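Reviewing the structure listed below.
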Amino acid sequence: LALKQELKPFLLLAEKLGSLLAQLMNGRLKKISVTCSGAFLSPSLDLVTAAVLKGAFGKLISEPVNLVNAQMIAREMGLVVHEERESEHPSYLHLVTVRYETDKESRRFAGTVFSNTHARIVRIDDFHLEVNPEGFLLFYANIDRPGMLASVGAMLAVEKINIAGLSLGRDNPGQRALTVINVDSPLTEDILRKVEKIEGVF
């Protein structure tokens, strides 16, 4: 499959968005919608969608998935795949938006590529942030108040988990916030339970 060199970072981003939804989703996957915004991306919508599916299925099924067979696997699974093009986006030159629906929830992720190489997740649900989708990521929602990050950071320090990066998103001061922390090593179920027990984290 011959690909334009400039398209490859966006396909990698799309694959990461698919992988993210597969790891965070709750329930049985029913529908995936992919929107490409921008004149450069829109003509390659089918490839971007295939990359999203490849990333998702890589976490959900055991059989090999690639850009060629991803759509066929989606049909075999009875998954509804919706594609949409936008000529432009008000905030980004190029943007890939992925929405999914399960029998329990619907969520939205969006990402872009800066300087032709730096993939970033720039939206999770209604939160705007800038996440480097590399390595191990800790996601948690919390009440937006002083000391929350310090509490989580202190717990990670006790567990000898090193923080490599951080991104914060919030709706209104003092209400809900979403925090994404890049860490250097895997997080066990035990560590995740300890994060969940911190007051104000949910």
Apply 1/(1 + (r/R0)^6) to the Cβ-Cβ distance of Asn116 and Glu199, taking R0 = 35 Å, and write down the FRET efficiency to the nearest 0.05. 0.20
Mean-square fluctuation check for the chain, GNM, Cα pairs under 10 Å: which of Lys30, Lys104, Lys16 is largest? Lys104
Classify the stretch 35-152 as rounded, prolate or oblate, taking a ≥ b ≥ c as the square roots of the eigenvalues of its Cα gyration tensor: rounded when a/c is under 1.5, otherwise prolate if a/b is larger than b/c and oblate if not. oblate
Using Cα-only point scatterers and the Debye equation, what is log10 of I(q)/I(0) for the chain at each q in 0.16, 0.17 Å⁻¹, rounded to two decimals? -1.08, -1.18
Mean-square fluctuation maximum in Gaussian network of the chain, Cα pairs under 10 Å, restricted to Ala141, Ala164, Ala119, hits Ala164
For Asp103 the rounded accessible area (nearest 10 Å², probe 1.4 Å, non-protein molecules ignored) is 90
At 1.4 Å probe size, with no ligands or nucleic acids counted, give the accessible surface of Glu86 in Å², nearest ten. 70
Check cross-link reach from Lys59 to the lysines: straight Cα distance under 22 Å, and skip same-chain residues fewer than eight apart. Lys8, Lys16, Lys30, Lys31, Lys104
Can you tell me how much longer the chain between Ile143 and Ser106 gets when fully stretched, taken as 0.36 nm per residue apart minus their C-alpha distance, in nm with one decimal? 11.1 nm
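Please compute the contact order of the chain in relative form: average sequence separation of alpha-carbon pairs under 8 Å and at least six residues apart, divided by the residue count, as a percent.
Relative contact order for the chain comes out at 19 percent.
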Could you give each residue of the stretch 21-28 its phi-based ³J(HN,Hα) in whole Hz, using Karplus coefficients 6.51, -1.76, 1.60 with θ = phi - 60°, and x for Gly or Pro? 5, 5, 7, 9, 5, 10, x, 8
Listed residues Ala56, Ala150, Ala70, most fluctuating in the chain (Gaussian network, C-alpha, under 10 Å): Ala150
From the Cα gyration tensor of the stretch 87-152, with a ≥ b ≥ c the square roots of its eigenvalues, which class applies: rounded if a/c is under 1.5, or else prolate if a/b is larger than b/c, or else oblate? oblate
With all protein chains in place and a 1.4 Å probe, Arg145 shows an accessible area in Å² (nearest 10) of 100
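The values are calculated or read from the model by the stated rules, or taken from the named source; none is laboratory data. Not measured: the values here are computed from a predicted model. We place every Cβ from the backbone using ideal geometry, glycine too, and count neighbours over all the protein chains shown. All accessible areas refer to the heavy atoms of the entire protein, side chains included, with ligands and DNA or RNA removed. Shrake-Rupley method; radii C 1.70, N 1.55, O 1.52, S 1.80 Å.
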